[in-house]
Amino acid sequence: MKGLELSEKYYLEYGAPMLQKDFPELVSIIAIGLCGSGSECFGFDDDLSTDHDFEPGFCIFVPDEEVIDDKTFFQLEKAYSALPKEFMGYKRNTTTAVGGKRHGIIRANRFFLEKTGSPDGEINLKDWFFIPEQSLAEATNGKIFRDDLGIFSDTRKKLSYFPEDVRIKKLAGNLLLMGQSGQYNYNRSIKRGDTAAAQLAAFEFVKSTLNAIFLLNKKYTPYYKWSFRALK
């Protein structure tokens with residue numbers, strides 16, 4: 001079973017009833033779903049993916065402290081932690097994922113801040129060039145199961161893709177690197193008999209070509225190990 005499907009089923013079976021029973025006043029102001037780091041958020045997970053950070057779990061994105069205070073945040077964490085530890089043959093993780101919290105109660109503004117440097121999706125033209133594409137992909141991937149207010153979803157829409165001027169500039173840069181590495185430096189390295197440098201030039205060419213293909217299709221380039229998978 002795909003992790004995204006497992007997450008939604010787990011939420012509908014246990015998460016939604018828990019929230020409606022214990023936190024009915026919060027249901028309309030939080031967002032629930034699964035997005036962020038992990039192959040399951042992209043739909044790239046397989047049988048091998050279950051060896052780490054794979055579990056029946058979901059994210060509850062809550063507003064800042066002025067709306068939901070730290071005491072309520074802690075109560076939500078306790079309630080989430082108390083949900084069944086096994087679901088459809090999969091066990092929940094008992095350790096924190098490497099690289100940060102992937103499931104559970106998460107401040108929405110901190111999630112976006114960590115991924116993009118902006119807590120609300122407002123990014124000036126210059127800063128777009130410095131945000132890693134894989135981070136933008138993680139901020140906008142997955143699926144949101146419920147978001148009555150729509151604020152979390154609206155922020156994701158703001159981050160859905162580069163402004164056109166940024167896309168064209170990045171595309172031009174990658175085309176330049178393709179020519180430099182693939183057409184120029186690769187041939188010169190071969191003529192010198194420097195096969196190691198030639199391999200590095202070929203690598204740079206492939207990497208820049210991948211980036212160009214994603215830019216032409218107006219899709220963020222994900223984490224490198226999923227790049228070829230995402231091309232499909």
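The values are calculated or read from the model by the stated rules, or taken from the named source; none is laboratory data. The shown structure was predicted, so the numbers you read here are calculated from the model rather than taken from an experiment. Cβ: placed from backbone, ideal geometry, glycine included. Neighbour counts: every protein chain shown. Accessible surface is based on the protein model in full, side chains and every heavy atom, while ligands, DNA and RNA are left aside. Shrake-Rupley method; radii C 1.70, N 1.55, O 1.52, S 1.80 Å.
Taking each residue as 0.36 nm, the span from Ile190 to Ala16 lengthens on full extension beyond its C-alpha to C-alpha distance by 56.5 nm.
The distance between label points at Phe73 and Glu164 comes to 4.0 nm (points 7 Å beyond Cα on the Cα→Cβ vector). Applying 1/(1 + (r/R0)^6) with r as the Cβ-Cβ distance of Thr50 and Leu231 and R0 = 25 angstrom yields a FRET efficiency of 0.55. Relative intensity of the range 155-211 on a log10 scale, I(q)/I(0) at q = 0.15 Å⁻¹, equals -0.51, per a Debye sum over C-alpha point scatterers of equal strength in the absence of solvent. Just to verify a number: FRET efficiency for Val206 and Ala172, C-beta to C-beta distance, R0 = 22 Å, to 0.05? About 0.75, to the nearest 0.05.
Taking the accessible area of the range 78-232, probe 1.4 Å, and keeping the other protein chains in place, the carbon and sulfur fraction comes to 55%.
Per residue, the accessible area of the range 22-88 comes to 46 Å² when a 1.4 Å probe rolls over the protein heavy atoms. Put simply, the Cα atoms of the range 10-49 extend 38, 19, 10 Å along their principal axes, the longest span coming first. The calculated pair-distance distribution of the range 20-77 uses every alpha carbon pair, bins of 5 angstrom beginning at 0, and gives 4, 15, 23, 19, 12, 13, 11, 4, 0 percent. On full extension, the segment bounded by Val27 and Met1 gains 6.6 nm, given 0.36 nm per residue less the C-alpha separation. In loop segments of the range 57-130 as defined by DSSP, the chymotrypsin sites (Phe, Trp or Tyr not before Pro) with at most 15 further C-beta atoms inside 10 Å of their C-beta are Phe129, Phe130. Checking the Cα-Cα distances for Lys143/Lys169; Lys126/Lys207; Lys85/Lys219; Lys191/Lys218; Lys101/Lys143; Lys207/Lys232 against a 25 Å cut-off, the pairs over it are Lys143/Lys169; Lys85/Lys219; Lys191/Lys218. Relative to one another, the C-alpha centroids of the range 107-142 and the range 168-216 are positioned 28 Å apart.
Simple spin-label estimate for Lys126 and Asp154 gives 2.8 nm between the two label positions (7 Å along the Cα-to-Cβ direction from each Cα). At q = 0.08, 0.10, 0.12, 0.15 Å⁻¹ the log10 of I(q)/I(0) for the chain amounts to -0.37, -0.55, -0.74, -1.03, computed by Debye summation with a single uniform scatterer per C-alpha, solvent ignored. Computed from point charges on the beta carbon alone (+1 for Lys and Arg, -1 for Asp and Glu), the dipole magnitude for the range 1-119 about its Cα centre is near 140 Debye. Taking the helices alone, the chain has a mean residue ellipticity at 222 nm of -13000 deg cm²/dmol, built from -39,500 (n - 2.57) per DSSP H run of at least 4 residues and averaged over all its residues.
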